[in-house]
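Enquirer: Before we start, here is the structure in question, set down as structure tokens.
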Amino acid sequence: MPATETRIWMALRQRVLSLPGDYPLDIKDPEFERPADATGPLAYVETANIDSAPERITLGSDDVDDRGGILTVTLMVPIHLKRTREYLKEQGGGLAAHFPKDLKLYFEGVMVRIEASPRVVDPYRDDAYWRVPVSIRWQSFS
């Protein structure tokens, strides 16, 4: 059976893979290549997950811990596509809507709950892309 941390990631990953729209997904696959066509780079979604340290909540050695973290789903839109700030915020909001608060995700006996409404960060320019990060807080008692 995979480690608890792996099962948490797999529950989150399944949800990321079901995002609506046709953006290619960078889920930290070593073979992922940024999409492009003859006009230049194309939009895609980048993911990152930061776990916080597990907190012990009972005295029993074999009991579950309180685990949490932040999944960040970032829309990456090339500058040359000339999208407005409003368009970028709307697209970020669409990503956020896919992770409503209290959504429960499961993988091999581990449940992950989306703890709060996701936060859509204001778009900012980074090199040749606009970045629109969406921060998703999650929790798992596992």
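Enquirer: Any residue in segment 27-41 that is within 30 Å of Thr6 (Cα to Cα) sitting within a Cβ distance under 6 Å of a residue that is assigned to a loop (DSSP other than H, G, I, E, B)? List the pairs, counting only those 6 or more apart or interchain.
Expert: Going by the 6 Å Cβ cut-off, the qualifying pairs are Pro35/Pro24; Pro35/Leu42.
Enquirer: Just the residues that are in contact with a Phe, Trp or Tyr (Cβ under 6 Å, 6 or more places away or on another chain) and in a strand (DSSP E or B), please, taken from segment 114-142.
Expert: Ile114, Arg131, Ile136, listed by residue number.
Enquirer: For segment 64-102: of the residues being hydroxyl-bearing (Ser, Thr, Tyr) and not in a strand (DSSP E or B), which is surrounded by the fewest Cβ atoms within 10 Å (Cβ to Cβ)?
Expert: Thr84
Enquirer: For segment 1-32, enumerate the residues that are loosely packed, with under 12 Cβ neighbours inside 10 Å and at pLDDT 90 or above.
Expert: Ala3, Leu17, Ser18
Enquirer: Every residue in segment 84-132 that is farther than 28 Å from Arg7 by Cβ, aromatic (Phe, Trp, Tyr) and in contact (Cβ under 8 Å) with a residue 24 or more places away in the chain, please.
Expert: The answer is Tyr129, Trp130.
Enquirer: Given the criterion of a type in the set (Lys, Arg) and under 22 Å from Leu19 (Cβ atoms), identify the matching residue among Arg67, Arg56, Arg125, Arg83.
Expert: The match here is Arg83.
Enquirer: Is one or more of the residues making up segment 50-60 touching a helix residue (DSSP H, G or I) at 6+ places or on another chain (Cβ under 8 Å) and more than 13 Å from Val132 (Cβ to Cβ)?
Expert: Yes, the conditions are met somewhere in segment 50-60.
Enquirer: Pull up segment 1-20, narrow it to residues that are part of a loop (DSSP other than H, G, I, E, B) and closer than 19 Å to Leu71 by Cα, then point me to the one that is farthest from the chain's Cα centre (by Cα).
Expert: The extreme case among them is Ala3.
Enquirer: Give segment 112-137 a look and list any residue that's closer than 17 Å to Ser52 by Cβ and either out of contact with any helix residue (DSSP H, G or I) (no Cβ under 7 Å at 6 or more places or on another chain) or among the basic types (Lys, Arg) (or both), or say none.
Expert: Residues satisfying the conditions are Arg113, Ile114, Glu115, Ala116, Arg119, Ser135, Ile136, Arg137.
Enquirer: For segment 47-63, which residues satisfy the criterion of being surrounded by 15 or more Cβ atoms within 10 Å (Cβ to Cβ) and of a type in the set (Val, Ile, Thr)?
Expert: Within segment 47-63, just Thr47 meets the criteria.
The values are calculated or read from the model by the stated rules, or taken from the named source; none is laboratory data. Computed from a predicted structure; not experimentally measured. Here Cβ is always computed from backbone atoms with ideal geometry, including for glycine, and neighbour counts include all displayed protein chains.
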